[in-house]
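The values are calculated or read from the model by the stated rules, or taken from the named source; none is laboratory data. On a predicted model such as this, the values are computed, not experimentally measured, just so you know. Using ideal geometry, Cβ is built from the backbone for each residue, glycine included, and neighbour counts are taken over all protein chains shown. We work out accessible area using only protein heavy atoms, side chains counted, and drop any ligands, DNA or RNA first. Shrake-Rupley method; radii C 1.70, N 1.55, O 1.52, S 1.80 Å.
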Amino acid sequence: MMTPTEIRNQRLAQKIVNNLQRRHFGAFYCRTTHEILEKVRELIPEGSSVAWGGSMSIRNTGVTRMLKEGNYVVFDRDDVTTAEDKVRMYRKAFECDFYLASVNAMSEDGVLVNIDGNGNRVAAITWGPEHVIFVVGMNKVCQDVEAAVKRARSVAAPINMARFDFATPCQKDGSCHNCLSSDSICNYISIQRMSHPAGRHIVILTDENVGY
């Protein structure tokens with residue numbers, strides 16, 4: 001039997017899927033990690049080239065591990081250590097068949113919000129790879145775009161900064177200061193209202209509480 005939270009998420013997810021489709025996204029709702037993995041296998045043909053950004057959502061769900069263990073050409077930024085090699089991997093992403101990511105927040109009417117430090121992730125989402133697949137937990141859904149931007153700045157960014165040893169104000173107290181620090185990861189803010197060309201972007205919503 002579904003819990004009240006699961007019932008609410010299922011109903012809201014269907015509304016969001018419909019709104020995403022109106023905005024020319026591919027959109028699916030997968031309640032569990034197992035369903036996410038099956039959907040990604042269905043969407044990405046064997047032999048395809050794939051890359052991804054720093055998303056914890058795709059790592060938490062095991063998507064990256066599945067792709068590395070499967071029959072795919074994988075460009076994994078986690079496998080390199082030097083700054084030069086990381087940049088090379090960032091550039092490889094633009095040539096891939098599929099780029100995988102998540103969002104920092106999204107609105108109920110289907111607008112995606114992402115904040116980036118270097119810009120490589122929002123750049124690849126915007127242009128380059130033939131397809132982009134997002135794995136998005138319902139924990140990242142906000143009522144409107146304004147709330148989504150606030151979530152990205154005030155929740156996702158400070159939590160992501162906690163992963164890194166950078167001297168930003170939010171790393172010290174967990175709160176956004178709208179800072180001008182040279183270490184800021186809030187340098188590029190992307191608000192994506194539609195998928196272009198139609199169907200290039202695919203959103204997989206999930207009940208799993210993944211990512212930040």
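Could you tell me the calculated FRET efficiency between Glu69 and Asp97, based on Cβ-Cβ distance and R0 = 22 angstrom, to the nearest 0.05? The value I calculate is 0.80.
Solvent-accessible surface of the chain, taken per residue with a 1.4 Å probe and all protein chains present: 50 Å².
When +1 charges are put on Lys and Arg Cβ atoms and -1 charges on Asp and Glu Cβ atoms, the dipole computed for the stretch 105-212 relative to its Cα centre reaches about 160 debye. By the rule of a C-alpha distance below 20 Å, with chain neighbours fewer than 8 residues away ignored, the aspartates and glutamates paired with Lys172 are Asp116, Asp183.
Evaluate the relative contact order of the chain (contact order divided by residue number), counting alpha-carbon pairs under 8 angstrom at least 6 apart; express in whole percent.
Result for the chain is 30 percent.
Each stretch of four or more DSSP H residues adds -39500 (n - 2.57); spread over every residue of the chain, this sum gives -10000 deg cm²/dmol at 222 nm. The residues neighbouring Met194, those whose beta-carbon lies less than 15 Å from its own, together hold a net charge of +3 under the Lys/Arg +1, Asp/Glu -1 convention.
Surface composition of the stretch 86-199: carbon and sulfur make up 52 percent of the accessible area, probe 1.4 Å.
Counting only Cβ charges, +1 for Lys and Arg and -1 for Asp and Glu, the dipole size of the chain around its Cα centre is about 420 debye. Note on Ser154 and Ile191: with the Förster distance fixed at 25 Å, the Cβ-Cβ geometry gives a FRET efficiency of about 0.95. Label-to-label distance, Asp165 versus Asp183, with points set 7 angstrom from Cα along the beta-carbon direction: 1.0 nm.
Are any of the pairs Lys39/Lys140; Lys39/Lys92; Lys15/Lys68 more than 29 Å apart by Cα-Cα distance, and if so, which? As for pairs spanning more than 29 Å Cα to Cα, those are Lys15/Lys68.
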